[in-house]
Amino acid sequence: MNKQFLKNIFTSNSSISSLVLRVPVGIILTAHGAQKLFAWFGGYGLEGTGQWMESIGLAPGFLMALLAGSAEFFGGLALIIGFLTRPAALVSAFTMVIAIFSVHAANGLFMTNNGYEFALTLLAATGALAIQGGGKLSIDSLISHKLNK
């Protein structure tokens, strides 16, 4: 990879507004990923989540659970610390698009009916982070400064 490509990944605006999005969205995604991967926080783990995913047509279920759980868990951790924010946010946004169309869209907007409003909110937040980057208080910012020297 060339240096300019790396600069583009790690460069971000100098604002701290990304921190306000990164940390809570990262915590939420990490917790949801932990439910899928490790059966923490009342989740069903890879086996249970995989069986459910298979039942709604996302096959092979175990692999889909592993991919979704990993995107949420590791993507969420990356967002919390602001490391590879743009790629992590992009993968998380893609995961939310899949969740919206495969699980929630048929139920309407509202969460009370298992609708897509929460996934749409996470999609908006991760989309914004994919565009603006990790911000001033991020590991990406530290790396960017080192690359610019």
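Quick one: pull the percent of accessible area on segment 51-149 belonging to carbon and sulfur, 1.4 Å probe, ligands and nucleic acids left out.
On segment 51-149, the fraction of accessible area on carbon and sulfur atoms equals 74 percent.
Just the Kirkwood number for the chain, please: inverse of mean 1/r across all distinct Cα pairs, in Å, one decimal.
After inverting the mean inverse Cα-Cα distance, the result is 15.8 Å.
Report the convex hull volume per residue for segment 92-149, counting only C-alpha atoms, in Å³.
Dividing the Cα hull volume of segment 92-149 by its residue count gives 80 Å³.
P(r) of segment 42-103 in 10 Å steps, Cα pairs, percent per bin?
24, 48, 25, 3
Rolling a 1.4 Å sphere over the protein heavy atoms, what is the accessible area per residue of the chain, to the nearest Å²?
Roughly 55 Å² per residue, with all protein chains present.
With viscosity set to 1.567 mPa s and temperature to 4 °C, compute the Stokes-Einstein D of segment 1-84, Rh being the Kirkwood radius across alpha carbon pairs; µm²/s, no decimals.
Diffusion coefficient, whole number: 93 µm²/s.
In the chain, which whole DSSP H runs stretch at least 24 Å along their own axis (Cα) and average 1.6 or higher on the Kyte-Doolittle scale?
61-81
The values are calculated or read from the model by the stated rules, or taken from the named source; none is laboratory data. Since this is a predicted model, take the numbers as computed values, not measurements. Heads up: the accessible areas ignore ligands, DNA and RNA and are worked out on the full protein's heavy atoms, side chains in. Shrake-Rupley method; radii C 1.70, N 1.55, O 1.52, S 1.80 Å.
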